[in-house]
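**Q** So that we are looking at the same thing, I have put the structure below in structure tokens.
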There are 2 protein chains.
Amino acid sequence: VVIVGAGFGGLQVMRALSGRDDVDVRVLDRNNYHGFWPLLYQVATAALTPDTVAYPLRQIMGRSCNITFQMTDVQCVDLVQRLVHTDTGTTPYDYLVLAAGSANNYFGNASIPKHTFSLKDVDQAVAIRQHLLDMLEQAAHEADAERRSVLLTFVIVGAGPTGVELAGAFADLLQPLLRKEYRALSPSEVRIMLVEAHETMLGSFPRALQETAARHLRRMGVMIRQNAKVTQVENGVVTFEGGKTMKAGTVVWTAGVKASAIAGTLGRQLAHAERIPVQRTLNLSDHPEVFVIGDMAYLEGYHAGKGGKPEAYPMVAEVAMQMGKCAAANILAQLNHRPSAPFRYRDLGSMSTIGRSDAVASIFGIQLSGFVAWLSWLAVHLVFLIGFRNRLAALAGWAWDYLTHNRGGRLIGGRRGETSAAAQDWM
Amino acid sequence: VVIVGAGFGGLQVMRALSGRDDVDVRVLDRNNYHGFWPLLYQVATAALTPDTVAYPLRQIMGRSCNITFQMTDVQCVDLVQRLVHTDTGTTPYDYLVLAAGSANNYFGNASIPKHTFSLKDVDQAVAIRQHLLDMLEQAAHEADAERRSVLLTFVIVGAGPTGVELAGAFADLLQPLLRKEYRALSPSEVRIMLVEAHETMLGSFPRALQETAARHLRRMGVMIRQNAKVTQVENGVVTFEGGKTMKAGTVVWTAGVKASAIAGTLGRQLAHAERIPVQRTLNLSDHPEVFVIGDMAYLEGYHAGKGGKPEAYPMVAEVAMQMGKCAAANILAQLNHRPSAPFRYRDLGSMSTIGRSDAVASIFGIQLSGFVAWLSWLAVHLVFLIGFRNRLAALAGWAWDYLTHNRGGRLIGGRRGETSAAAQDWM
């Protein structure tokens, strides 16, 4: 069994097959760690260190003798020959699990990724953190008010959970930091803008929670622009549909995801967001030995809220994890000539933090907001954060942060010329 | 007062002048953090995370109203006009403290820095860590025994405290890691070689401790080559004086330091290691308003061991810190028209770890080795590690490491192509 990708889905498959002597499992990932991406926005805002949200894969699978790991970049899959081509060689498979997750979707605009930051892995989160701190250092010694205002403008495109959490975390980081450590700057000069192309933010949440989140964000000083579609970002200038523009020293793109580019190498028709259509048993009808799970899989049957027609399962960690368990069970079923089971999703709800000790959550149909929602968010994320050490370190970091408003991890790495080359081009 | 560099020396000047309303202090540093470099080798070997050994400067000076900080790269100093030229502008001064520390000394060989790693700041330590883990990942899937052996050869050039500590830490990291997580590799395939041009390692230590350290390192599997001068490193091939060569996937250069390049911009005659000769009051005779401290300052008067003629003060943190206090006092003395005091060094001794719970130390003339030396090393470093949070995190990391032999922070960042481009060129 070859597993492509050790994210939430791949890890569940690996765990379910671990320790069995009837299967040899080979895990391929381009990183040597499993990332707990729901906390990545905290790395980008210096609340957690990179090591807290990522865990070495070899340590996770340490004791399982039937699992091997290879750090490699998967290029494409040959369904007919049953081969996975990587940048370091070719791996044959009997069963394949595609769990390579998603990439940012720029909707065909090739210049946007060059001029914006994104939040899909540790390196990108660290890049945001370094750029943000570099903007403050530059602003602290910029005499021209207009240029200073551009340096202190932070635009987040896309108001899904990632955008909302990041906007809240930006406000949480910047307001006290400027007050305490950058006395040359006024907190009122900072502009944090959350831009959403659709009518409402947090599209997958109940209406009441959307409004609560917007109200809380505004209270924290975040400006929210709805019905505002960004058509271009270039040299620090954001262009909206209709032609209006604004200047910003920092633009983060969280406006959409699509399946990993590996999906396109199968030579098949792809569904919405370039996902691969799968059967209810999560494999391909013409290649039952190939399973696709998580963000890469397109399968309808999700019921958002009460009533309405079924939609595709959303691209979230919870779906990937449950699909991983189902795919592993179906591989074992095929091996033992038992019938495969269809995927059934147990919806645990969704949650999004807004800031320090504030969140909105919809759990089993119950809507929560404020401190109670934040506590449940904290509990859920601590339980799922893999590995004892990371859990302790994350809790300690938060406790410290909560008590002191201090942030560790505020180091600007690299030489300035390297880390913020893009930013300096803009000015 | 302008302070160039916020290392051990600069920080002491800053602290001594903090809170006084008769001096305005401006600190220039190209990083926004103070690094506790004596622990940097632990970052390179994944025992500590980068955030533990570096501390944001703005947080350190948070409450002092007379200190401002600018993150900038100092290009040169104009002694006549009393100006510091930086990459972001020009800063005038009444008093100047040059405390920019040291850089690696490659003794004029321009190709060595391109083909070796060094250990002078957080970025370099992280680069070593990522490269080392990448070598293991590549070796785990290398079928050719000869190429695998090259991937698993780690050469450290220079057996001063940095080289000795790094060699011991490499052994400590690699042996258990290979046993537990890289079952495809045998720990006996790893070669760690410590190369020293002179007759003895740890040149500044008493003879008996040098021998103890060498014996302990050998027991840990480190090969030691003395009287072996490296003349060239290129494409993974290390050439020794006399023409012998060897191949290695990783070469770390710790063989010498010289004063920061800023020293050369003063237009003065420089002493050994490109340091600036100073008076006993730590300022320049023709420019009494300019102080030079720490690694940049050349001043004789150090007595190594008993007897012998005085040498230049060594380039260590302790000298820089004591010089910083003296320079700050002499600036205040000049301001108040009091006589300046000459620099007096209180020698607290020297110490070097060898591995987990092992060290050699010479404190107030008492020679210690083994676990007792390691405990005193631990105590001294915890006391000096700046900032409460870092101290706790470092202690927790070590305790964890000590109890479990586990390492956090073993993440390979960046894409493989970027982090180990040099290594792949070599193969």
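**Q** Go through (1) open to solvent by 10 Å² or more (accessible area, probe 1.4 Å); (2) assigned to a loop (DSSP other than H, G, I, E, B) for A:R148 and report which single condition fails.
**A** Going through (1) open to solvent by 10 Å² or more (accessible area, probe 1.4 Å); (2) assigned to a loop (DSSP other than H, G, I, E, B) one by one, A:R148 breaks only (2).
**Q** Further, regarding this structure: A:Y298 is checked against (1) of a type in the set (F, W, Y); (2) touching a Leu at 6+ places or on another chain (Cβ under 6 Å); (3) open to solvent by 20 Å² or more (accessible area, probe 1.4 Å) and fails just one. What number does that condition carry?
**A** Going through the list (1) of a type in the set (F, W, Y); (2) touching a Leu at 6+ places or on another chain (Cβ under 6 Å); (3) open to solvent by 20 Å² or more (accessible area, probe 1.4 Å), A:Y298 breaks only (2).
**Q** Oh, and also: Quick one: how many residues across region A:202-223 are touching a strand residue (DSSP E or B) at 6+ places or on another chain (Cβ under 7 Å) and on the phi < 0 side of the Ramachandran plot?
**A** Matching residues across region A:202-223 total 14.
**Q** Right, next: For region A:15-45, which positions are touching a Phe, Trp or Tyr at 6+ places or on another chain (Cβ under 9 Å) and either among the acidic types (D, E) or under 20 Å from A:A100 (Cβ atoms) (or both)?
**A** Listed by number, the residues that qualify are A:R26, A:V27, A:L28, A:D29, A:N32, A:Y33, A:H34, A:G35, A:F36, A:W37, A:P38.
**Q** If I ask for residues that are in a loop (DSSP other than H, G, I, E, B), away from every other protein chain (no Cβ under 14 Å) and either open to solvent by less than 20 Å² (accessible area, probe 1.4 Å) or touching a residue at least 60 places away in the same chain (Cβ under 8 Å) (or both), which ones from region A:158-192 would you list? First the steps, then the outcome.
**A** First, pick out the residues of region A:158-192 that are in a loop (DSSP other than H, G, I, E, B): A:158-160, A:182-186, A:190.
Still in the running and away from every other protein chain (no Cβ under 14 Å): A:158-160, A:186, A:190.
Of everything in region A:158-192, those that are in a loop (DSSP other than H, G, I, E, B), away from every other protein chain (no Cβ under 14 Å) and either open to solvent by less than 20 Å² (accessible area, probe 1.4 Å) or touching a residue at least 60 places away in the same chain (Cβ under 8 Å) (or both) turn out to be A:G158, A:A159, A:G160, A:V190.
**Q** Residues B:G349, B:G365: which one is touching a residue at least 12 places away in the same chain (Cβ under 8 Å), loosely packed, with under 14 Cβ neighbours inside 10 Å and under 27 Å from B:R218 (Cα atoms)? Reasoning before the result, please.
**A** Values: B:G349 fails: loosely packed, with under 14 Cβ neighbours inside 10 Å.
Result of the check over B:G349, B:G365: B:G365.
**Q** Please indicate, with yes or no, whether at least one residue in region A:276-294 is buried (at least 20 other Cβ atoms within 10 Å of the Cβ), part of a loop (DSSP other than H, G, I, E, B) and of a type in the set (D, E, K, R).
**A** No, region A:276-294 has no match at all.
**Q** Do you know which residues across region A:193-223 are part of a helix (DSSP H, G or I) and open to solvent by less than 80 Å² (accessible area, probe 1.4 Å)?
**A** Result: A:A208, A:L209, A:Q210, A:T212, A:A213, A:A214, A:H216, A:L217.
**Q** Something else now. Just need a number here: residues in region A:224-244 that are loosely packed, with under 15 Cβ neighbours inside 10 Å and on the phi > 0 side of the Ramachandran plot.
**A** Of the residues in that region, 4 qualify.
**Q** Considering every residue within region B:328-335, establish whether at least one is open to solvent by less than 10 Å² (accessible area, probe 1.4 Å), without any contact (Cβ under 8 Å) to a residue 60 or more places away in the chain and in contact with a strand residue (DSSP E or B) (Cβ under 8 Å, 6 or more places away or on another chain).
**A** From region B:328-335, those open to solvent by less than 10 Å² (accessible area, probe 1.4 Å) are B:328, B:330-331, B:333; that's our starting set.
Now narrow it down to the ones that are without any contact (Cβ under 8 Å) to a residue 60 or more places away in the chain: B:330, B:333.
Remaining after also requiring in contact with a strand residue (DSSP E or B) (Cβ under 8 Å, 6 or more places away or on another chain): B:330.
Checked region B:328-335: at least one residue is open to solvent by less than 10 Å² (accessible area, probe 1.4 Å), without any contact (Cβ under 8 Å) to a residue 60 or more places away in the chain and in contact with a strand residue (DSSP E or B) (Cβ under 8 Å, 6 or more places away or on another chain).
**Q** With the checklist (1) closer than 23 Å to A:N109 by Cα; (2) modelled with pLDDT under 95 in hand, flag the one item A:L266 doesn't pass.
**A** (1)
**Q** Could you list all residues from region A:245-275 that are open to solvent by 60 Å² or more (accessible area, probe 1.4 Å) and outside any strand (DSSP E or B)?
**A** Residues satisfying the conditions are A:A261, A:G267, A:R268, A:Q269, A:H272, A:E274.
**Q** Now for a different question. Only one of (1) free of Cβ contacts under 8 Å to residues at least 40 places away in the same chain; (2) in contact with a strand residue (DSSP E or B) (Cβ under 6 Å, 6 or more places away or on another chain); (3) part of a loop (DSSP other than H, G, I, E, B) is not met by A:T239, so which one is it?
**A** Looking at each condition in turn, A:T239 falls short on (3).
**Q** Just give me the residues in region B:27-71 being surrounded by fewer than 21 Cβ atoms within 10 Å (Cβ to Cβ), in a loop (DSSP other than H, G, I, E, B) and modelled with pLDDT of 85 or more, in sequence order.
**A** Scanning region B:27-71 gives B:R30, B:N66.
**Q** Checking A:P113 against (1) under 23 Å from A:V278 (Cα atoms); (2) touching a Phe, Trp or Tyr at 6+ places or on another chain (Cβ under 8 Å); (3) open to solvent by 40 Å² or more (accessible area, probe 1.4 Å), which single condition isn't satisfied?
**A** (1)
**Q** Going residue by residue through region B:311-323, is there one that turns out to be out of contact with any Cys (no Cβ under 9 Å at 6 or more places or on another chain), open to solvent by 40 Å² or more (accessible area, probe 1.4 Å) and among the hydroxyl-bearing types (S, T, Y)?
**A** Scanning region B:311-323, I find no residue that is out of contact with any Cys (no Cβ under 9 Å at 6 or more places or on another chain), open to solvent by 40 Å² or more (accessible area, probe 1.4 Å) and among the hydroxyl-bearing types (S, T, Y), so the answer is no.
**Q** Continuing with this model, one more query. Taking B:A139 and the conditions (1) modelled with pLDDT of 90 or more; (2) small (G, A, S); (3) open to solvent by 20 Å² or more (accessible area, probe 1.4 Å), which numbered condition does it fall short on, given that it satisfies the others?
**A** It fails just one condition, (3).
**Q** Continuing with the same structure: Under the condition of being of a type in the set (G, A, S) and not in a helix (DSSP H, G or I), which residue from region B:307-328 is modelled with the highest pLDDT?
**A** Looking at residues that are of a type in the set (G, A, S) and not in a helix (DSSP H, G or I), I get B:A312.
**Q** Checking B:V84 against (1) away from chain A (no Cβ under 11 Å); (2) in contact with a helix residue (DSSP H, G or I) (Cβ under 7 Å, 6 or more places away or on another chain); (3) open to solvent by less than 20 Å² (accessible area, probe 1.4 Å); (4) assigned to a strand (DSSP E or B), which test does it fail?
**A** (2)
The values are calculated or read from the model by the stated rules, or taken from the named source; none is laboratory data. Treat the numbers as computed from the prediction; the structure is a model and nothing was measured. Cβ coordinates were reconstructed from backbone atoms using ideal geometry, including for glycine residues, and neighbour counts include every protein chain displayed. In case anyone asks, the SASA skips ligands and DNA or RNA and just uses the protein heavy atoms, side chains included. Shrake-Rupley method; radii C 1.70, N 1.55, O 1.52, S 1.80 Å.
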